[in-house]
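The structure appears below as structure tokens.
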Amino acid sequence: MIGVWSLVFLLAWTLVRQTRSAPLRDPQIEARPVIPRGDLSAGEQATVQLFAQTSPSVVYITNIEYSRVSLFSLDVFKIPKGTGSGFIYDRQGYIVTNFHVVAGSSAIEVTLADHSRWEAHVVGYEMDKDLAVIKIDAPSEQLKPIIVGSSNDLQVGQKVFAIGNPFGWDQTLTTGIVSALGRQIDSIVEGRTIRDVIQTDAAINPGNSGGPLLDSSGRLIGVNTQIASPSGASAGIGFAVPVDTVNRIVPQIIKYGHVIRPGLGVRIAPDWVTKRLDLPGPLLDTVTTNSAAAKAGLRGTIVQGRRIRQLGDVILRVDDREIKQEDDLLDALERHAVGDEATVTYLREDKVTTTRVILQQVR
């Protein structure tokens, strides 16, 4: 055994001697020659140009909360509550972002691409779609509106780009493709969904929320809003609200401060009632007098004591869309404008009937 350890020691010592005898430095060393790389590929040049064109339209948003030094002090200090992204909508200073980026803020600060900072105010929002519009009073020459595209002609596999501020790292570009179309995700409003969203594998992380998703022409095609991830970081599954929805909602928010919704003028019974009564669609609980629904002959539920004296109409279809729950009904109606005529198919006392409704404005 001693002989084995002696042999190991001898080999190790020999190796050390040989290493020490080799030169560690070379006084004649010179820098390696730099090999010119040549021109960027056409694809790389296009990406560089896209970022240069669009990044000035992307902003960094800080949600600020005020806090008192103590209960007995009037002094307050700012606490960054969260950060997100947004993009410049026009030269008047309107900026589009996610509602959850600015929700619950005491103040909002917007940092432009030139690093100037501006106080922002909420113009309005649409919680169902997680969209909000804020405004800053910056000079128009400092504001570069984003180029707006469309989302109804997107194709799975086409290249997309996201610009935002993930984890606070501003002006970050990530690339990917359209992974899927027509996805449905949960809204921040309980019981509601956001439909027809874009799924992408472009890296989207906390801080990207509210930033733009772009096509290869640098046009806005969606607003990045959610990720699917067990860890909270990008797992290659991100979702964006389609720009066609943005184009419909944002002008209304800027004009009215809220979205003008088309509706029937009814109150729908809770979904659990529909399930408990084993109904094929949402039940009309109340039909407002002189409402669009009332004028079309629809009727609500009448309850006396604990007994249902008259079961209201059950909505089965709006136009060619099947209605299973209230969320389906709201989504179908939102595809219209106030004053449009919609065909409503309903069930009344085991009889299926169709009527035409001139949609009214509702909140």
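The single condition among (1) part of a helix (DSSP H, G or I); (2) at pLDDT 90 or above; (3) of a type outside the set (Val, Ile, Thr) that Arg20 does not satisfy is (2).
The residues in the range 338-363 that are assigned to a loop (DSSP other than H, G, I, E, B) and either exposed (fewer than 13 other Cβ atoms within 10 Å of the Cβ) or modelled with pLDDT of 95 or more (or both) can be counted, and the count is 6. If you go through the range 328-351 and keep only what is within 20 Å of Leu279 (Cα to Cα) and aliphatic (A, V, I, L, M), you end up with Leu329, Leu330, Ala332, Val344, Leu347.
The residue of the range 108-132 that is surrounded by the most Cβ atoms within 10 Å (Cβ to Cβ), among those that are of a type in the set (Asp, Glu) and touching a strand residue (DSSP E or B) at 6+ places or on another chain (Cβ under 7 Å), is Asp130.
Check the range 152-160 and report whether any residue there is within 23 Å of Pro251 (Cβ to Cβ) and under 18 Å from the mean Cα position of the chain (by Cα). Yes, the conditions are met somewhere in the range 152-160.
Restricting Leu333, Leu311 to those that are in contact (Cβ under 8 Å) with a residue 60 or more places away in the chain and in the same structural domain as Leu279 (by TED's automatic domain parsing) reduces the list to Leu333. Any chance the range 128-137 includes a residue that's modelled with pLDDT of 95 or more and in a loop (DSSP other than H, G, I, E, B)? Yes, some residue in the range 128-137 is modelled with pLDDT of 95 or more and in a loop (DSSP other than H, G, I, E, B). In the range 224-247, the residues that are farther than 21 Å from Gln155 by Cα form Cβ pairs under 8 Å with partners that are of a type in the set (Ser, Thr, Tyr), at six or more places apart or across chains, as follows: Ala235/Ser229. Condition (residue is within 33 Å of the chain's Cα centre (by Cα), in a loop (DSSP other than H, G, I, E, B) and closer than 18 Å to Ile260 by Cα) applied to the range 303-321: is it met by at least one residue? The answer is no, given that none of the residues of the range 303-321 is within 33 Å of the chain's Cα centre (by Cα), in a loop (DSSP other than H, G, I, E, B) and closer than 18 Å to Ile260 by Cα.
Sort out which residues of the range 184-200 are modelled with pLDDT under 95 and of a type outside the set (A, V, I, L, M, F, W, C), and write them in order of number. Selection gives Gln184, Asp186, Ser187, Glu190, Gly191, Arg192, Thr193, Arg195, Asp196. For Asp137, the requirement of being of a type in the set (Asp, Glu) and within 17 Å of Gly211 (Cβ to Cβ) is not met. Residue-level analysis places Gly93 among those that are out of contact with any helix residue (DSSP H, G or I) (no Cβ under 7 Å at 6 or more places or on another chain) and either of a type in the set (Gly, Ala, Ser) or within 19 Å of Gln199 (Cα to Cα) (or both). Within this structure, Glu326 passes the test of being within 24 Å of Ile302 (Cα to Cα), out of contact with any Lys or Arg (no Cβ under 6 Å at 6 or more places or on another chain), surrounded by 13 or more Cβ atoms within 10 Å (Cβ to Cβ) and of a type in the set (Asp, Glu). Every condition in (1) more than 21 Å from Thr47 (Cα to Cα); (2) surrounded by fewer than 20 Cβ atoms within 10 Å (Cβ to Cβ) is met by Gly236 except one, and the failing one is (1). Take Gly218 and decide whether it is modelled with pLDDT of 95 or more and either assigned by TED's automatic domain parsing to the domain that holds Ala132 or more than 14 Å from the chain's Cα centre (by Cα) (or both). Yes. Residues that are buried (at least 20 other Cβ atoms within 10 Å of the Cβ) and not hydroxyl-bearing (Ser, Thr, Tyr) were ranked within the range 49-63; the one that is nearest to Asp215 (Cα to Cα) is Leu50. Taken over the range 184-210, the criterion of being touching a residue at least 60 places away in the same chain (Cβ under 8 Å) and more than 11 Å from the chain's Cα centre (by Cα) is satisfied by Val189, Gly191, Arg192, Thr193, Arg195, Gly207.
Does the range 270-288 contain at least one residue that is surrounded by fewer than 16 Cβ atoms within 10 Å (Cβ to Cβ), closer than 30 Å to Thr175 by Cα and in contact (Cβ under 8 Å) with a residue 60 or more places away in the chain? No; the residues of the range 270-288 include none that is surrounded by fewer than 16 Cβ atoms within 10 Å (Cβ to Cβ), closer than 30 Å to Thr175 by Cα and in contact (Cβ under 8 Å) with a residue 60 or more places away in the chain.
The values are calculated or read from the model by the stated rules, or taken from the named source; none is laboratory data. Because the structure is predicted, anything quoted here is derived from the model rather than measured. Using ideal geometry, Cβ is built from the backbone for each residue, glycine included, and neighbour counts are taken over all protein chains shown.
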